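Asks: Pasting in a structure now, in structure tokens, and then I'll have a few things to ask.
The values are calculated or read from the model by the stated rules, or taken from the named source; none is laboratory data. Since the model is a prediction, treat every value here as computed from it, not as a measurement. Because the Cβ atoms are built from the backbone with ideal geometry, glycine has one as well, and the counts that use them run over all protein chains shown. Note: accessible area is taken over every heavy atom of the protein model, side chains too, but ligands, DNA and RNA are not part of it. Shrake-Rupley method; radii C 1.70, N 1.55, O 1.52, S 1.80 Å.
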Amino acid sequence: MRIIKLKKEHLRDFVGSLSAFGKLYAPQARGEKSFVLKELKDLSNLRLDYRRTILPPKKFFNRPDETILNFSSDNGYQAAADANGGRRVLFGLHACDIKGLEILDWVMRDGYRDEKYFQRRERTAVIGVSCEPDESCFCLAMQADNVETGYDLFLSDVNSCYLVTVRTSLGDDMVNANQELFQEVGKDTIEAFKKKTHAHARKLDDMCDLSVSQMPELIELEYMSDIWKDYAKRCLSCGSCTMVCPTCTCYDIRDEVELDQQRGTRKKRWDSCFFPDYAAVAGGENFRAEAYSRFRYRYLHKQDGFVAKYGRSSCVGCGRCIEICPAKIDLRDVIKSIEGVT
Amino acid sequence: MSVELLKPELARIVRIKPMVEDHHLFQVRFEDAETVESFRHRPGQFVEMSVIGSGEMPISISSSPTRRGILEFCVRRVGRVTNALYRLPQNSLLGLRGPYGNGFPIEEMKGNNLLIVAGGLGMVPLRSLLWYALDNRRDFKEITLMYGCRSPAEMLFRYELETLTVRDDMSCLLTVDDKAGQEWDGNVGVATDLFAGVEFDAANTYAAICGPPIFYKYVIQKLLERGFSKGRILMSLERKMKCGIGKCGHCGIGGAKKLVCIDGPIFTYWDVVDMREVI
Ligand SMILES: Cc1cc2nc3c(=O)[nH]c(=O)nc-3n(C[C@H](O)[C@H](O)[C@H](O)COP(=O)(O)OP(=O)(O)OC[C@H]3O[C@@H](n4cnc5c(N)ncnc54)[C@H](O)[C@@H]3O)c2cc1C
Ligand code: SF4
Ligand code: SF4
Ligand code: FES
């Protein structure tokens, strides 16, 4: 591991230089309070003070809506060219989102390895940046407040400079291409970094009073509880919470057919376990017809089923689902209700 | 090779055999000769079948892997894609990808007795296992089939199965809930009634069962009464499916602890006994 120092006055120059490594994406403002990860065309739009982007970085690898096949009645099915296979640099990801990508990798690797996904991942550089938590963050409880892998470079804000952790050979190339912008880390910076790290950990700890260690058992014990029904009464089954979740991966497959019925495209599109037809099969049977059973399923999956399979929850505590929910349902409240600590 | 896991290969419907109302048997062959050669499946596996211009759906492979070259699918007409399939004339092209799912644990089942219990459309995936066992007759001890349908007119593969009733190396028990005024001189009653006259060596038998939800409840109860271990009751589950390869989430059971498309569709009763929303 190599750690070097980048003065804040050199940040823009450095970010600007990264387009040599692929199309550059970074957090930028959309409207008053929202942020998005999108192509950075003007360096002055870079916003490293963002809290969370509306959509997580999964959108680059698992597209919200994409054509996977073209078909015709005489030629059958042909794979569509990958419009997202080029080199990219994602600049400014927070630890929770980097963790989210790692979790996504597990799912995409398991069983049938999704090669298209991994081609996209392998061609995309990830540069992390430290964050300031807000009231919707609970990454600490979800063990996603810190990442040691999953990035090429990680920038930790230390007052007037960044400490830059170089994790991969590609990250090293990025630094070497801009050697004049970096310096060795001095004693003062090390001390300042320790203080900052400590303060950050304290802050997260103060903000976050959630514990999920017994969730699999408690969900099992409270499976028939009215708690699910009470929350589900407010839930609109809109699916927004799953769309914005960095680790939700469900998708639907459907065909779009040209008027002649002979040609068309097959599409893959994000789907949600909250949608009434998610588990409905032909003939009217629906394995989760009731809104509360779908509401419960999300917790059953993220806090129980996923734990059984991969040894941890698939939630990284990013707070997106809390911010987006039109019914103001806070996942932390649901967990606390199940735990009986409200 | 394409990196697109979801790409179907072209196959041709070589023959359509109407069986009972809204249940046709489709005999299908891959267009590409190499694929015909290299395609291998296990009893209990399924494919994702595409009707070009309409969509895709999971369908069990109803033929045995011992009968190579032609794949057989028995499809019930129920919705959009199945209706589109029924509009296709013989010799039309289809898309197929697979085979998917785990299939029956045949290596483990060999050397044991085999009891197959089917209800209604449940015969479709079990037919592959039945013919696999009959074509490898020496690998199994006693083979018993119990198949129940609502009426004689709804019995799938009726003539094929009736030829099995005269075989002396297996026991083929067929029943209907109700004769419904049709020609039938076999048993009348539900599938579980067939247990009455049969002795089992439960410790050396595997039971493979498939049918509608209510069927599972009663058949499992009967098998447990007869001393079957939960791990020797094999059931084929059906769930909504889109991808068939463990990625889209639709087929999850028990909070997606298991995905029916890759961890199943064949489960032992033990695998799922503690799982919610299963039966
Ligand atoms: C492992 C497995 C094996 C199956 N084997 C057979 C078989 O051998 N013969 C047979 O007739 N049917 C079988 N089915 C059921 C069959 O897949 C559905 O009847 C079929 O998808 C209905 O499609 P549709 O478009 O006509 O109906 P619609 O109601 O219009 O369904 C639209 C889409 O929803 C999905 N869907 C709907 N019902 C089901 C379902 N029950 N299971 C999974 N996805 C569904 C499909 O993607 C389908 O294209 C099987 C299902 C599974 C899961
Ligand atoms: S469940 Fe909510 S808080 Fe957890 S990772 Fe998903 S969007 Fe973020
Ligand atoms: S965002 Fe809120 S209202 Fe919408 S499905 Fe999720 S919990 Fe329900
Ligand atoms: S059908 Fe997609 S995960 Fe099983």
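Asks: Let me confirm one metric for peptide A:248-257, namely the mean number of other chain beta-carbon atoms within 10 Å of its residues' beta-carbons. Present the calculation step by step, with values, prior to reporting the outcome.
Replies: Values: counts 1, 3, 8, 6, 5, 10, 3, 8, 0, 4.
Across the residues of A:248-257, the mean count of other-chain Cβ atoms within 10 Å is 5.
Asks: Just tell me how shielded A:111-119 is by partners: mean number of partner chain Cβ atoms within 10 Å of each residue's Cβ, no decimals. Working shown, then result.
Replies: Working: counts 7, 10, 3, 8, 5, 5, 3, 1, 1.
Taking all residues of A:111-119 together, the mean is 5.
Asks: How high is the FRET efficiency between residue A:265 and residue A:113 when r is their beta carbon distance and R₀ equals 25 Å, given to the nearest 0.05?
Replies: Numbers: r = 24 Å, r/R0 = 0.97.
The pair residue A:265/residue A:113 has a calculated efficiency of 0.55.
Asks: Over chain A, with a single point scatterer placed on each C-alpha, what log10 of the ratio I(q)/I(0) does the Debye formula yield at q = 0.07 1/Å?
Replies: -0.34
Asks: Then there is this: When all alpha-carbon pairs of region A:1-125 are counted, what percent fall beyond 23 Å?
Replies: Pairs farther apart than 23 Å: 42 percent.
Asks: What residues does region A:295-309 have that are buried by at least 10 Å² of accessible area in the full protein assembly compared to the chain on its own, 1.4 angstrom probe?
Replies: At a threshold of 10 Å² (probe 1.4 Å), the residues of region A:295-309 that become less exposed are A:297, A:300, A:301, A:304, A:305, A:308, A:309.
Asks: Excluding residues fewer than 8 places away in the same chain, name every one of the aspartates and glutamates whose C-alpha is closer than 20 Å to that of residue A:194.
Replies: A:132, A:145, A:148, A:157, A:184, A:205, A:206
Asks: Further question: Give me a comma-separated list of calculated 3J(HN,Hα) values for region B:246-260, in order, Karplus coefficients 6.51, -1.76, 1.60 applied at θ = phi - 60°, integers in Hz, x for any Gly or Pro.
Replies: Using θ = phi - 60°, the values come out as x, 10, 7, x, 4, 8, x, 10, x, x, 6, 4, 10, 10, 4 Hz.
Asks: For residue B:205, list long-range residues whose amide hydrogen, built 1.01 Å from N in the peptide plane, is under 5 Å from its own amide hydrogen.
Replies: Those qualifying (amide H under 5 Å, at least 5 residues apart or on another chain) are B:113.
Asks: Apply 1/(1 + (r/R0)^6) to the Cβ-Cβ distance of residue A:211 and residue A:258, taking R0 = 45 Å, and write down the FRET efficiency to the nearest 0.05. Walk me through the numbers on the way to the answer.
Replies: Values: r = 54 Å, r/R0 = 1.21.
After rounding, the FRET efficiency stands at 0.25.
Asks: Please state, rounded to one decimal and in Å, the Kirkwood hydrodynamic radius that the protein assembly as shown gives when every pair of distinct Cα atoms enters the mean of 1/r. Walk me through the intermediate numbers first.
Replies: Details: mean 1/r = 0.0368 Å⁻¹.
So the Kirkwood estimate lands at 27.2 Å.
Asks: For region A:251-300, evaluate the Debye formula with one uniform point scatterer on each Cα (no solvent term) and list log10 I(q)/I(0) at q = 0.20 Å⁻¹, rounded to two decimals.
Replies: -0.76
Asks: Something else now. Determine, for each peptide in B:128-134, B:80-86, A:70-76, the mean count of other beta carbons within 10 angstrom over its residues, then list the peptides with the highest first.
Replies: Numbers: B:128-134: 23.6, B:80-86: 17.6, A:70-76: 15.9.
Sorting B:128-134, B:80-86, A:70-76 by mean packing, highest first, produces B:128-134, B:80-86, A:70-76.
Asks: Can you list the residues in region A:265-283 whose accessible area drops by at least 50 Å² when all protein chains are present, compared with the chain alone? Use a 1.4 Å probe, heavy atoms only.
Replies: Those residues are A:266, A:278.
Asks: Another one. Take chain B, mark every one of the GluC sites (Glu not before Pro) that falls in a DSSP loop and has at most 12 other Cβ within 10 Å, then report the longest stretch left between them, sites excluded. Can you show the working numbers first?
Replies: Values: sites that count: B:21, B:183, B:199.
After excluding every exposed loop site, the longest remaining stretch is B:22-182.
Asks: What size of dipole, in debye to the nearest 20, comes out for region B:9-100 about its Cα centre when the only charges are +1 on Lys and Arg C-beta atoms and -1 on Asp and Glu C-beta atoms?
Replies: Details: 13 positive and 10 negative charges, 52 e Å.
With Lys and Arg at +1 and Asp and Glu at -1, about 260 debye.
Asks: Next question. So, counting K/R as plus one and D/E as minus one, what does the shell of residues with Cβ under 11 Å around residue A:336 add up to?
Replies: On the way: positive: A:332; negative: A:209, A:330, A:333, A:339.
Every neighbour counted, the sum reads -3.
Asks: Moving on to the next point. Tell me the total accessible area that A and B bury against each other, 1.4 angstrom probe, in square angstrom rounded to 100.
Replies: Values: alone 17600 and 13510 Å², together 27330 Å².
In total, chains A and B hide about 3800 Å² from solvent.
Asks: How many percent of the accessible area of chain B is carbon or sulfur, using a 1.4 Å probe?
Replies: On the way: 5410 of 11560 Å².
Roughly 47 percent of what the probe reaches on chain B is carbon or sulfur.
Asks: Could you please state how large a percent of the accessible area of chain A is carbon and sulfur, counting protein chains only and using a 1.4 Å probe? Write down the numbers at each step before the final one.
Replies: Numbers: 7510 of 15770 Å².
Whole-percent figure for carbon plus sulfur exposure: 48.
Asks: Starting from the Cα gyration tensor of region B:9-100, multiply each eigenvalue by 5, take the square root, and state the resulting semi-axes largest first in whole Å. Don't skip to the answer; put the middle values down first.
Replies: On the way: eigenvalues 75, 39, 31 Å².
In descending order the semi-axes read 19, 14, 12 Å.
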